[in-house]
1. For residue 160, are the conditions met, namely being at pLDDT below 95 and surrounded by fewer than 17 Cβ atoms within 10 Å (Cβ to Cβ)?
2. Which one is nearest to the ligand (Cβ to nearest atom), of the residues in the stretch 104-139 that are under 16 Å from the mean Cα position of the chain (by Cα) and under 12 Å from residue 84 (Cα atoms)?
3. In the stretch 35-54, what count of residues is obtained for those that are more than 24 Å from residue 359 (Cα to Cα) and within 9 Å of the ligand (Cβ to nearest atom)?
4. Can you confirm whether the stretch 55-64 contains a residue that is loosely packed, with under 15 Cβ neighbours inside 10 Å, within 24 Å of the chain's Cα centre (by Cα), within 11 Å of the ligand (Cβ to nearest atom) and within 23 Å of residue 172 (Cβ to Cβ)?
5. Do we have any residue at all in the stretch 67-78 that's assigned to a helix (DSSP H, G or I), on the phi < 0 side of the Ramachandran plot and either modelled with pLDDT of 95 or more or more than 8 Å from the ligand (Cβ to nearest atom) (or both)?
6. I'd like the full set of residues that are in contact with a helix residue (DSSP H, G or I) (Cβ under 7 Å, 6 or more places away or on another chain) and either within 16 Å of the ligand (Cβ to nearest atom) or assigned to a loop (DSSP other than H, G, I, E, B) (or both), limited to the stretch 227-246.
7. Kindly establish whether residue 251 is touching a strand residue (DSSP E or B) at 6+ places or on another chain (Cβ under 7 Å), more than 21 Å from residue 104 (Cα to Cα) and within 16 Å of the ligand (Cβ to nearest atom).
Ligand SMILES: NC(=O)c1ccc[n+]([C@@H]2O[C@H](COP(=O)([O-])OP(=O)(O)OC[C@H]3O[C@@H](n4cnc5c(N)ncnc54)[C@H](O)[C@@H]3O)[C@@H](O)[C@H]2O)c1
């Protein structure tokens with residue numbers, strides 16, 4: 001940073017999701033400047049004007065040559081791994097929206113780039129700061145679950161709930177080619193809920209897929225960049241702590257919004273169960289059963305209506321959720337007060353963690369080894385699904 005007071009952060013990909021984060025990076029007291037790198041010229045200019053950004057770049061190459069300290073990646077989900085490696089190799093710290101990568105080779109290159117450069121890498125895993133995850137992590141830390149037995153986690157999000165718009169937003173006429181993104185390559189919202197509570201790994205997997213039958217031309221093997229015709233996938237994992245974990249990634253499912261990312265976790269002493277309209281702590285004693293919906297409810301809609309209507313594509317309600325009683329709001333900078341938050345209170349904490357990690361040089365939450373623990377199981381699960389559910393080993397990328 002050469003004696004400067006704050007960080008310079010370059011946001012790569014100024015699309016919909018970045019719109020929730022640019023104001024937060026700008027408002028952080030340890031950030032001096034936010035730049036934008038965006039390939040689409042009109043979007044680049046519009047977003048720069050909208051957020052009062054002075055410096056813009058047309059490519060990652062240009063951003064890497066600039067004097068920014070860090071790159072925050074918000075490009076489409078299949079682009080992240082190689083872009084993060086390029087930024088790290090240019091000695092930029094990296095924050096990256098999930099997933100970290102979509103092949104085992106990409107994960108290996110990412111971990112190697114962090115280990116060899118010593119730069120900070122943080123995965124922007126929103127599930128890490130969901131109230132349910134915070135609650136379970138704390139009870140796990142206190143030993144209330146006992147030994148881990150089984151968890152089920154899932155991300156249930158029908159294509160008709162915003163995905164058509166999201167893929168068309170940057171995909172041009174060819175958008176169906178990538179809208180067929182294999183569900184298990186985006187399993188990190190689910191896996192991280194479980195693994196960030198127990199600290200374990202997923203070691204083996206057998207996965208089954210649902211061959212899509214809708215007629216919108218999306219999940220068509222011949223038209224898909226990944227040759228993918230599976231719109232729903234269910235994986236059963238062995239965990240490194242001797243238990244079992246079931247993950248569902250559904251993109252064709254008759255379910256309204258609400259808790260579309262959710263988890264139930266069962267231990268030998270206590271369990272947490274989550275379903276639509278149900279969040280319950282349970283033990284062997286019925287007297288100890290607790291309905292924790294109220295405690296974990298996120299309140300407030302901090303994004304003003306006018307700001308919502310200016311968003312490029314309609315977004316799910318959970319983009320705007322405020323904060324819950326189990327979030328440690330006191331550790332957020334006061335300059336975040338009244339600013340947008342999203343995904344159940346997570347955005348502001350993720351931004352804070354990244355900035356503080358870069359300044360302190362300490363590893364952040366969701367570091368590169370965590371990111372590998374979250375995304376590698378889904379990569380192998382999809383492979384298993386394409387082989388009719390064959391049981392496969394999930395490689396271990398270590399703990400740093
Ligand atoms: N809960 C969550 O964690 C969550 C929620 C929503 C989106 N996301 C992630 O955020 C990412 C972005 O999603 P989105 O809906 O904003 O997508 P988007 O299509 O709206 O935005 C992506 C932007 O990146 C730009 N881009 C692509 N390649 C580029 C390059 N090489 N250089 C510069 N710009 C480039 C595109 O032109 C586009 O403007 C995705 O990876 C998605 O998975 C995460």
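The values are calculated or read from the model by the stated rules, or taken from the named source; none is laboratory data. Not measured: the values here are computed from a predicted model. FYI the Cβ positions are ideal-geometry reconstructions off the backbone, even for glycines, and counts take in every protein chain you see.
1. So residue 160 passes the test.
2. By that ranking, first place goes to 123.
3. 6
4. Yes, the stretch 55-64 has at least one match.
5. There is no residue in the stretch 67-78 that is assigned to a helix (DSSP H, G or I), on the phi < 0 side of the Ramachandran plot and either modelled with pLDDT of 95 or more or more than 8 Å from the ligand (Cβ to nearest atom) (or both).
6. Of everything in the stretch 227-246, just one residue is in contact with a helix residue (DSSP H, G or I) (Cβ under 7 Å, 6 or more places away or on another chain) and either within 16 Å of the ligand (Cβ to nearest atom) or assigned to a loop (DSSP other than H, G, I, E, B) (or both), namely 241.
7. Yes.
Residues checked against (1) near the ligand (Cβ under 9 Å from one of its atoms); (2) in a loop (DSSP other than H, G, I, E, B); (3) under 23 Å from the mean Cα position of the chain (by Cα):
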{"position": "9", "(1), (2), (3)": "no, no, yes"}
{"position": "16", "(1), (2), (3)": "yes, yes, yes"}
{"position": "23", "(1), (2), (3)": "no, no, yes"}
{"position": "29", "(1), (2), (3)": "no, yes, no"}
